[in-house]
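Below: one structure, written as structure tokens.
What follows draws every value from the coordinates through simple rules; no lab data is involved. Just so it is clear, the structure is predicted and the values come from calculations on it, not from any experiment. Because the Cβ atoms are built from the backbone with ideal geometry, glycine has one as well, and the counts that use them run over all protein chains shown.
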């Protein structure tokens with residue numbers, strides 16, 4: 001008789017278990033939404049630390065130097081990680097061109113896992129905002145920089161330390177509201 005009463009109890013448990021799991025997950029997601037935290041912001045463990053030692057070769061066919069972290073000292077540098085195969089990189093490119101008009105900082109790039117001819121065509125078609133472009137053919141240097149994906153943009157202070165990291169494509173709004181205040185802060189900091 002006890003096995004007959006256990007079976008309906010077990011069935012009820014199996015019926016309600018997915019509902020309980022769903023309610024638990026829904027509560028967790030709701031708590032995240034109501035927390036006010038920007039879930040699109042990916043923290044970087046490298047903020048405040050020296051930029052990784054980098055010495056990447058230049059992009060062939062362009063008369064620009066490669067990406068060399070020893071060149072960061074004494075000036076504010078924006079390092080943009082891009083690739084020609086990256087659709088969001090194409091979307092953010094007009095913002096980078098506009099930022100390049102400000103000569104108070106250097107704009108450099110890390111070309112990530114790209115074919116040189118494709119990268120040259122990308123920059124030829126859209127314009128080149130960069131003063132230096134290093135080629136990271138294997139993607140190893142991007143790992144050292146803590147890159148999650150392309151595009152990403154770093155602000156390097158005059159002290160050679162990473163002051164800010166923006167994950168994802170820059171928009172006019174994110175450049176104005178997030179990136180430019182970080183650049184201003186880096187420019188005002190002692191070298």
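So what is the diffusion coefficient of region 90-191 in µm² per second by Stokes-Einstein at 10 °C and 1.306 mPa s, using a Kirkwood Rh over Cα pairs?
Calculated translational D: 110 µm²/s.
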Sort 171, 7, 77 by Cβ crowding within 10 Å, fewest neighbours at the top. 7, 171, 77
Kindly express, to the nearest 10 degrees and within the range 0 to 90, the angle between helix 2-34's C-alpha long axis and the longest C-alpha principal axis of the chain. 30 degrees
Residue-normalised 222 nm signal for the chain, counting each DSSP H run of n ≥ 4 as -39,500 (n - 2.57), nearest 500 deg cm²/dmol, is -12000 deg cm²/dmol
Calculate, for residue 172 and residue 26, the FRET efficiency according to 1/(1 + (r/R0)^6) with r their C-beta to C-beta distance and R0 41 Å; round to the nearest 0.05. 0.70
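Could you line up 69, 174 from fewest to most neighbouring Cβ atoms inside 10 Å?
The fewest-first ordering by Cβ neighbours comes to 174, 69.
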Restricted to the chain, the DSSP antiparallel beta bridge percent, nearest 5, is 55 percent
Cα long-axis angle, helix 116-126 against the chain (0 to 90 degrees, to the nearest 10): 80 degrees
Which of rounded, prolate or oblate describes the chain when judged by the alpha-carbon gyration tensor and an a/c cut-off of 1.5? prolate
Taking the beta-carbon count within 10 Å as an exposure proxy, list 137, 92, 173 from fewest neighbours to most. 173, 137, 92
With 0.36 nm assigned to each residue of separation and the Cα-Cα distance removed, residue 103 to residue 60 gains 13.0 nm
Ordering of 113-120, 150-157 by burial proxy (mean other Cβ atoms within 10 Å per residue, highest first): 150-157, 113-120
Using a Gaussian network model of the chain whose springs link C-alpha atoms within less than 10 Å, name the residue from 13, 110, 179 with the highest mean-square fluctuation. 13
In whole percent, what relative contact order does region 27-154 give with Cα contacts below 8 Å and a gap of six or more residues? 31 percent
So how tilted is helix 87-99 from the main axis of the chain? Cα-based, degrees 0 to 90, rounded to 10. 40 degrees
In nm, to one decimal, how far is the residue 16 label point from the residue 85 one, both placed 7 Å along Cα→Cβ? 5.1 nm
